[in-house]
Amino acid sequence: MEIPSKYNPANSEDKWYSYWLKNGFFHSEPDNRESYTIVIPPPNVTGVLHMGHMLNNTIQDVLVRRARMKGLNACWVPGTDHASIATEAKVVQKLKSEGKSKTDMTREEFLGHAWDWTEKHGGIILEQLKKLGASCDWERTKFTMDKDLSQSVIETFVDLHNKGLVYRGVRMVNWDPSAQTALSDEEVIHKDEHSKLYYLKYIVEDTKEVIFVATTRPETILGDSALCVNPNDPRYTHLKGKRVIVPIVGRSIPIIHDDYVDIEFGTGALKVTPAHDINDYMLGQKYNLEVIDIFNDNGTINDKVGMYVGVDRFDLRKQIAIDLQEAGLMEKIEDYDNKVGISERTGVAIEPKLSMQWFLKMEELSKPALEAVMNDDVALYPSKFKNTYKHWMENIKDWCVSRQLWWGQQIPAYYLPNGGFVVATTPEEALVLAKEKTGNDSLTIDDLRQDEDVLDTWFSSWLWPISVFDGISNPNNKEIEYYYPTNDLVTGPDILFFWVARMIVAGYEYRGEKPFSNVYLTGIVRDAQHRKMSKSLGNSPDPLDLIAKYGADSIRVAMLLCASAGNDILWDETLPEQGRNFSNKIWNAFRLVKNWEVSETIEQPLSSKISIDWFDSLLSKSIKEMSADLDNYRISESLMQLYRLFWDEFSGWYLEMIKPSYQKPIDKATYDATVEFFEKLLKLLHPFMPFITEEIWHFLGERKEGESIMIELLPEVTEIKEPLLTEIEQSKEIITAIRNIRKSKNIANKDSVELKIKGGKLTAESESVILKIANVSSVEVVTKDVAGASSFIVKGIEFYVPLGDNLNVEEELLKMKTELEYTQGFLKSVLKKLSNERFVNSAPAKVVEIERTKQADAEEKINILNDQITKLSNI
C-alpha cells in the first residue's frame, strides 16, 4: 500500500471505527477471562456532547482500551438518563410553542409526547461519542426508562418500603416553582446574591411600641405566625405574653421567647413563618404555631390570606415594599449580600415549602458506604475528596425521593377508597394487598388510585451498576455475577454525593459489596480566564468542530496532557495543535522508517547494535513507569512520559543513531528491530490515540481481515540494563555539548571535529554512537590540557574539541564562569536539602542517595572548572 504523505484523520477515523464495529471488538460476553467493567455516567438522554463529556469519556476509553490490551474481558456499558426535570421541562416548552399545555392533557397523552421527544432527540450524544473513538459495547446500551431498568427501580422502592425505610410525610422541602416539584438538598446550589434587607415595624398590640424586624423576604409576612425574641434579651423581657400586629396584614400573632434567636444579630427580633423557612418550621412545631402556606405551586400567592392573590412572589416583594413604605411600616431598606438557594435544573430560586412527599431513611443505609471509602475499599482519586465525602455522609439527611412530575417511574403506591395506601410492584399485587388490608374482597383495580408523583431520577441511576446487568430483578444471573462489582468509575466531583455515594449505598444494600473499586474524579474544563465553559458564556467550543478540525486523536491528547485527577483544565486552542503536532510527528517518523531501503547483506554497525540495546532497555523502563502511573490513575503523567519517549528518545535520538547515510540502505537486523520498537510504541499509544495507531499498524506489516491493534497485547517489561542507560545518557550529554560548540563557533555539521578526553575514557559502543551522530573524526585519550580547544565536563570527565584559530579565550572564560556560577547555585540547593534533617530522615534512602550523588558530582565539576579557568586565564 502506498503511504500518504500526510495523515488524514477524517478518512482514518470513519474507516477504522466502522471496522471495529463490524468485527465486534467492543462487545463483551462472560467467559473464563478476568473481567474489566466500566459503566458510563449516563448523560441526559436529550443532551449533546460538551467539553466535560469529552474529557470524561476519553479517560474511560483509555482505561477500557488498556484493559482490553492486557487480555482482560473489557466491557464498557453505555447508556442515557431520562433526566425527569430537564426532559419534562423541554417537552412542556415544546408543547407551549405549539399552543398546547400539559395541564390540558391526561398523563398518558403527555407521556406520549415525552416519548416522541426522547425518540427524536435522544441518543444523539451516544452517536457523538463514537466520533471521539469511544469503544463502548453499544449492544448493551441502556436507558434508565427501559422496561427492565424501570422494573428494577419499582422493585427497589417496594423492597425499601417493606423494610420500613421508605415513608410518606409532610416535611419542609426545597420547592422548584418553575418545574413545580420538590428537590433534594443536593439539587440546590447556593449562590451569592446582592439583595435588600427590609426593616419592618411590628406594633405591640394595644400599645404604640414598635419592634423592628429585618428580613430579606418581606412578602412572607403574609404567612407570619409569631415574632420570636431571646428570653435573655433585656430589650424584650417586658413583652412576655404580649402580641404584635403583622404589618399590612393586620393579623395578631404571639411574641414567643426562645434562645434560638441571637441577641447580637440585627434587632434581636425574628419573624416566624413556619410554612416557608425550615428553622421557622421547627420553631412552629415547638410552640404549636399556625402554619400558613401562602404560595401556589408556581410561586404565585394563593387565596389563604385574601391579599395579593395571583401575584408572583418576586413582583409581590417589590409591591409590598412600596405598600409598607406608604403605610409608614417600613423603617429603612439596606443593601445586603446573602446566599440564595437556586434549582440546579431550572436556575430559579427555590422556595422552602411544606409538602407531602416520600422519603428514604438514609442514616443506617449510608454507614457501609461511608466505611467503604474511609477504608479505601472504594478508593477516590484524588484522595482529597475523602474529607468532603466523609462530611456529607456523616451529616446525611433522609432523601426526598418523590418528584411532582409525570416523566419517570411512577411511585408504586396505591391509595385506598377509605384512606390509607398499599405499596406493590403492580396494580394486581396492590389489589391483593388492598383486599387484605381492608378486608373488602369486592375491591377492584379501579377502586385504587396510584400516586401521581414519580421517583427522583437519581433513584434510578443509583442502581445503574446493578440494573444494567439486571441484578435487581435477577440477582443471581450470569452477567451480574461476572461483571459486578465493576472496576473503575470516572465522573465529576460535583456528583460525588448525588450519584457516587448513593451507588455505593445501593451496592452494599443489594449486592452486599461495593459497586466499583476506584473512582476517578475529573476536574472542570475552563477557559483561559478560568471560567467554567458554558453555552451562556459562549466560551465552549463545539467538540465535534474540534474533532473535524484537528482529528479525534489530537483532541484526546490535548485533553489528557493537562488533565490530572481532580484538577481543572485550562483550555485553549494551542492544546489541540500540540496534539495534532504529535500525530504528525508519529506519522512522519513512520514514513521515514518505511521509506528506508533494506539490505540483507550489509553488516550491522556497532553504533546501531548498542542503540538497539539501549532503546530496548529504555522502552522497558518506560513501560514499567507508565504502567505504574496508569495503575495509580496518573493518566496525564503516563501520556506525557510516552509523549517524551516517542518525541525525544525514539525520534530525536534513536532514529538519529541508527538511520543510514543519505541514499544508503539500512541493515535488515537494525530495520527489523526498529519496526518492532515502532509496533510496541504504537501499542502503548493506542489507548490514548486509537485511530492513527490502527492506521499505522496496518501499514507496518502484513495484516489479515479481522486483525486489529486494539486486541493485541501490550508489550511487557524485559531486562532493564541500568548501566547501559547511564552510559548512553552520558553519550547524549557529550553529543549535545559538541553540538553546542558547533553552533557557537559556526562549525558546519558536515565538517568533522576531533574529540580529546582527559580523566576518563569511553567504551567502544559509546564511542561509535558519538562518532556517528556528532560527526567526530577521532577520539583520543590525553593526560594534559589541550591548548586551543573548547572544553566541557560530563560526569567529572574533561572533554576538548580542538578549534585551532577558532578559539576565543575571552568567550571560553565567560562560558566557564557562567557554568561555574550555575553549578555553585545548584550545589547550594542540594546542600540545603541535605541539611534538612526531616528530609534526610523521612525520604526513601534511594532518594537521599541520589541527592548525595548530585552533591559529589557538582563538587567535582566545580573543582575542574576552577582549574580550567585558572589555566585558561594564564594563556
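Give the relative contact order (percent, whole number) for region 429-574; include only Cα pairs under 8 Å separated by 6+ residues.
It rounds to 19 percent for region 429-574.
Which far-off residues, 5 or more places away or on another chain, put their amide H under 5 Å from the one on THR80, with H placed in the peptide plane?
Close amide H contacts, sequence-distant or interchain: LYS142, PHE143, THR144.
Using only the alpha carbons of the chain, what is the convex hull's orientation-averaged projected area in square nanometres?
50.8 nm²
Could you tally the net charge around TYR520, taking each other residue with its Cβ under 11 Å from the Cβ of TYR520, Lys/Arg +1 and Asp/Glu -1?
Residues close to TYR520 contribute a combined charge of 0.
Subtract the Cα-Cα distance of GLU729 and SER517 from 0.36 nm times their separation in residues, and report this length gain in nm to one decimal.
Taking 0.36 nm per residue and subtracting the Cα distance, the gain is 72.3 nm.
Between ILE333 and ILE263, how high is the FRET efficiency from 1/(1 + (r/R0)^6) when r is the Cβ-Cβ distance and R₀ = 22 Å? Nearest 0.05.
After rounding, the FRET efficiency stands at 0.40.
Please give the net charge around ILE658, taking every other residue with its beta carbon less than 15 angstrom from that of ILE658, where Lys and Arg add +1 and Asp and Glu add -1.
Combined, the nearby Lys, Arg, Asp and Glu give -3.
Give me the percent relative contact order of region 225-326, please, defined on Cα pairs under 8 angstrom at least 6 residues apart.
Result for region 225-326 is 22 percent.
Label ASP542 and LYS240 with points 7 Å out from Cα along Cα→Cβ: what is the distance between them in nm?
7.3 nm
Could you work out how far the C-alpha centroid of region 243-301 sits from that of region 309-336, in angstrom?
One Cα centre to the other: 17 Å.
Once each part is reduced to its C-alpha centroid, what is the distance from region 740-805 to region 40-104 in angstrom?
62 Å
Ranking request for peptides 465-475, 102-112, 298-308: highest mean number of other beta-carbon atoms within 10 Å first, then the rest in descending order.
My ranking of the peptides, most packed first, is 465-475, 298-308, 102-112.
Residue separation times 0.36 nm, minus the C-alpha to C-alpha distance between ASN595 and GLU394: what's the value?
65.9 nm
Label region 120-201 by shape, choosing from rounded, prolate and oblate, from the square roots a ≥ b ≥ c of the eigenvalues of the Cα gyration tensor; if a/c is under 1.5 it is rounded, and otherwise prolate applies when a/b is larger than b/c, oblate when it is not.
Judged from the Cα gyration tensor, region 120-201 comes out oblate (a/c at least 1.5, b/c at or above a/b).
Rank-order 125-133, 610-618, 429-437 by packing density, defined as the average count of other C-beta atoms within 10 Å over each peptide's residues, highest first.
Output ranking for 125-133, 610-618, 429-437: 610-618, 125-133, 429-437.
Can you give the FRET efficiency to the nearest 0.05 for ILE322 and LYS191, using r as the Cβ-Cβ distance and R₀ = 22 Å?
0.25
What value, in deg cm²/dmol to 500, does the helix sum -39500 (n - 2.57) over DSSP H runs of n ≥ 4 give at 222 nm once divided by the residues of the chain?
Using -39500 (n - 2.57) per qualifying helix, the result is -13500 deg cm²/dmol.
Could you give each residue of region 194-208 its phi-based ³J(HN,Hα) in whole Hz, using Karplus coefficients 6.51, -1.76, 1.60 with θ = phi - 60°, and x for Gly or Pro?
Couplings: 7, 10, 10, 10, 9, 9, 9, 9, 9, 8, 5, 4, 6, 9, 9 Hz.
Which pairs, out of LYS90/LYS549; LYS397/LYS514; LYS594/LYS683; LYS286/LYS339, put more than 24 Å between their alpha-carbon atoms?
The answer is LYS90/LYS549; LYS286/LYS339.
Mind checking the full-extension length gain between ASN418 and ARG107? Use 0.36 nm per residue of separation minus the Cα-Cα distance, one decimal, nm.
Between ASN418 and ARG107, full extension yields an extra 109.6 nm.
How would region 146-305 be classified by its alpha-carbon gyration tensor: rounded, prolate or oblate, with rounded meaning a/c under 1.5 and the a/b versus b/c comparison settling the rest?
Because a/c hits 1.5 or more and a/b exceeds b/c, region 146-305 counts as prolate.
Please report the relative contact order for the chain, taking Cα pairs under 8 Å with a sequence separation of at least 6, and give it as a percent rounded to a whole number.
This gives 12 percent for the chain.
If TRP406, TRP587 are ordered by their accessible area, calculated over protein heavy atoms with a 1.4 Å probe, which sequence runs from highest to lowest?
TRP406, TRP587
In nm, to one decimal, how far is the modelled label at ASP377 from the one at ARG852, with both set 7 Å along Cα→Cβ?
Inter-label distance under the simple model: 4.4 nm.
Show me 35-44, 205-214 ranked by packing, highest mean number of other Cβ atoms within 10 Å first.
The packing order, highest mean first, is 35-44, 205-214.
At 1.4 Å probe size, with no ligands or nucleic acids counted, give the accessible surface of THR670 in Å², nearest ten.
For THR670, the solvent-accessible surface is approximately 0 Å².
Report the net charge of residues surrounding ASP451, where surrounding means a beta-carbon distance below 13 angstrom and charges are Lys +1, Arg +1, Asp -1, Glu -1.
Once positives and negatives cancel, what remains is +2.
Using alpha carbons only, how many angstrom separate the centre of region 429-487 from the centre of region 519-591?
42 Å
Give me the percent of accessible area attributable to carbon and sulfur for region 357-439, probe 1.4 angstrom.
On region 357-439, the fraction of accessible area on carbon and sulfur atoms equals 49 percent.
Could you rank TRP392, TRP653, TRP464 by how accessible they are, 1.4 Å probe, largest area first?
TRP392, TRP653, TRP464
Under a plain spin-label model, where a point goes 7 Å from the Cα along Cα-to-Cβ, how far apart in nm are PHE212 and ALA628?
6.8 nm
Can you send over the solvent-accessible area of ARG449, 1.4 Å probe, protein chains only, in Å² to the nearest 10?
About 130 Å², ignoring ligands and nucleic acids.
About the Cα centre of the chain, what is the dipole size in debye to 20, counting +1 per Lys and Arg Cβ and -1 per Asp and Glu Cβ, all else neutral?
In debye, rounded to 20, the chain gives about 1660.
The values are calculated or read from the model by the stated rules, or taken from the named source; none is laboratory data. Every value quoted in this text rests on a predicted model; they were computed, and no experiment measured them. Don't worry about glycine lacking a Cβ; one is built from the backbone with ideal geometry, like all the others, and counts go over all protein chains shown. Only protein heavy atoms, including side chains, enter the accessible area calculation; ligands, DNA and RNA are left aside. Shrake-Rupley method; radii C 1.70, N 1.55, O 1.52, S 1.80 Å.
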